[in-house]
Amino acid sequence: MKPHRHQKSKRQGQNLYQLSHRANLRADAAWVLFQILEHGKSSRDVMPKVFARHETNNKAWLQEMVFGCLRELPKLQYWLRQLLDKPLKGDHKLIEHLIMLGFYQLHFSRTLEHAAVSETVEASTVLGHHGLKGLVNANLRNFQRKDIASQAIDQPHVNIGLPKWLYKQLLAQYPEQVESIATNMNERPPLWLRINHRVESKTSFCDKLNSEEIDYAEPNFENCGWDLHSAFNASAAIRLERRSDVTQLPGFDDGAFAVQDLAAQLASELLNVQPGDTVLDCCAAPGGKTAHLLESQNQLARLDAIDSDGERLERIDENMTRLGHKTHFGDRLNLYVADASSEEVLKRVLGNTTYDKILLDAPCSATGVIRRHPDIRWLRKSADIENTVELQKKILAVIWGRLKPGGTLLYATCSILKQENTEQIANFLTNNKDAKLVPLHKNESPTQPGLQILPGDAQMDGFYYARLLKSE
């Protein structure tokens, strides 16, 4: 079953798939911003299209400019409104994004001022808007001359770098932590690796890093402030001190490791798969947690991974192949395209199979991984959250029926919004008398269930976990 895809208008299709201008760093960066912010496209869809036009050493600059503008967008838009007489419309709107790119270069980057101005102005011609060169030049010169960036801004959500709706939600839910949350959302994410113990021990892998003088660090949960029932082990995790091309690290081709944030690595530890267990991994793509479950328990009886998106499921297959899991686990590992919210679909795909352990990595707002995907804060809208909560509720109800009596379900999201997390699970516990909370920390209760990890805790992404036991 292939996922439904919305039809694009002809014009949208051209904007997304046809780069009609010649390759140019600033023009391409502005085009990506235009696609994300005006057409709602994901950076994962459009960035590869411009990367393909540039040498490797320029790709890092492109990503820094695009992601930097997305992180600082409220300020860039505020400054633009101070200088632009009236908003540009239609295809000319692209030039607004080019001007904001110029602001970013002048104030936030190390780009030489002359290059930031002259080459950004030239990019307007590359984009086919020669007649707006003067406008671009005037705005960038006035930005410098009037020292716009030093002027005070009295809008909290602009200063904090968030859309107004998200700022209001975080202020209501985390009044004492909202500033630290926003600060961590704007940080560059660390690079966490998960060592594949089936291929290589952590000691051996770290020895190879040491021999190549690659600095790394171990996980440290001491300052998170959690009163946990038991300390996390995270025995497969290391963090590289400097970002690196992972394909050039020792053991990549042999499947010795995978890239996975530390927060996501906790799923396997919390689910605690035992020998002989049957496991269902729901909404599994791209497969990081799937692989880790396999690596954590070589003697599991069977693992079925499902996802509603066939293309994303192919990524799981690719990851399982590189890590050697397809060969090793054989018919104990099964990948299915299936909608977890539909019992009818699951019955057709899985029959009447029930499972000892279920990992439900539920669809969510992804507000916990904004530092990793800064376009999320602009692609998500307030109205999306209610729809997501309803989808989570539907999936939970369907998947609960797939859990054996006495079995464990681990609910996970990469969100920090309480309506997707604690409120969702509290409501589920109220409405399902055969569900019992298995606390992860000492202050947990059925009305305040689960463990909420906030962005930056132990240098992790924002994540939420709740562990539920089904009565026998």
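The values are calculated or read from the model by the stated rules, or taken from the named source; none is laboratory data. Not measured: the values here are computed from a predicted model. For neighbour counting, all protein chains shown are included, and Cβ atoms are generated from backbone atoms with ideal geometry for every residue, glycine included.
Taking region 351-469 as the region of interest, the helices (runs of 4 or more DSSP H) fully inside it that hold 2 or more residues being of a type in the set (D, E, K, R) are 382-400.
Scanning region 89-101 for residues that are surrounded by fewer than 17 Cβ atoms within 10 Å (Cβ to Cβ) and in a helix (DSSP H, G or I) yields a count of 4. The listed residues are A383, A362, and the only one of them that is modelled with pLDDT under 95 and small (G, A, S) turns out to be A383. Just for region 195-210: of the residues that are within 17 Å of L293 (Cα to Cα) and among the hydrophobic types (A, V, I, L, M, F, W, C), which one is nearest to the chain's Cα centre (by Cα)? Among residues in region 195-210 that are within 17 Å of L293 (Cα to Cα) and among the hydrophobic types (A, V, I, L, M, F, W, C), the one nearest to the chain's Cα centre (by Cα) is I195. No other residue among D85, D91 is at pLDDT below 95, under 18 Å from A123 (Cα atoms) and charged (D, E, K, R) apart from D91.
Filtered by the rule that a residue be out of contact with any helix residue (DSSP H, G or I) (no Cβ under 7 Å at 6 or more places or on another chain) and surrounded by 21 or more Cβ atoms within 10 Å (Cβ to Cβ), region 260-270 gives D261, A263, L266. Close contacts from region 345-362, counting a first residue that is assigned by TED's automatic domain parsing to the domain that holds G401 and a second that is of a type outside the set (A, V, I, L, M) and part of a helix (DSSP H, G or I), with Cβ to Cβ under 7 Å and a gap of 6+ residues or different chains, come to L359/K289; D361/K289; A362/Q392.
Table: residues versus (1) surrounded by 14 or more Cβ atoms within 10 Å (Cβ to Cβ); (2) in a loop (DSSP other than H, G, I, E, B).
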| position | (1), (2) |
| --- | --- |
| P87 | no, yes |
| F103 | yes, no |
| H107 | yes, no |
| H114 | no, no |
| V121 | yes, no |
| G128 | no, yes |
| A152 | no, yes |
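Would region 277-289 turn up any residue that is at pLDDT 95 or above, surrounded by 17 or more Cβ atoms within 10 Å (Cβ to Cβ), among the small types (G, A, S) and out of contact with any Lys or Arg (no Cβ under 8 Å at 6 or more places or on another chain)? Within region 277-289 (the criterion being at pLDDT 95 or above, surrounded by 17 or more Cβ atoms within 10 Å (Cβ to Cβ), among the small types (G, A, S) and out of contact with any Lys or Arg (no Cβ under 8 Å at 6 or more places or on another chain)), the answer is yes, since at least one residue qualifies.
Is it the case that region 200-208 has a residue that's buried (at least 17 other Cβ atoms within 10 Å of the Cβ), in contact with a Gly (Cβ under 7 Å, 6 or more places away or on another chain) and at negative phi? The answer is yes; a qualifying residue exists.
When W165 is tested against the conditions (1) surrounded by fewer than 17 Cβ atoms within 10 Å (Cβ to Cβ); (2) over 30 Å from G102 (Cα atoms); (3) of a type in the set (F, W, Y), the lone failure is (2). If you go through region 33-83 and pick out every residue that is surrounded by fewer than 16 Cβ atoms within 10 Å (Cβ to Cβ) and among the small types (G, A, S), you end up with 4.
Across region 402-445, the number of residues qualifying as closer than 27 Å to T353 by Cα, touching a residue at least 40 places away in the same chain (Cβ under 8 Å) and small (G, A, S) comes to 3. When L335, L323, L360, L403 are screened for being of a type in the set (A, V, I, L, M), surrounded by 20 or more Cβ atoms within 10 Å (Cβ to Cβ) and out of contact with any helix residue (DSSP H, G or I) (no Cβ under 8 Å at 6 or more places or on another chain), only L403 passes.
Every listed requirement among (1) assigned to a helix (DSSP H, G or I); (2) not assigned by TED's automatic domain parsing to the domain that holds E122 is met by E176 save one, (1).
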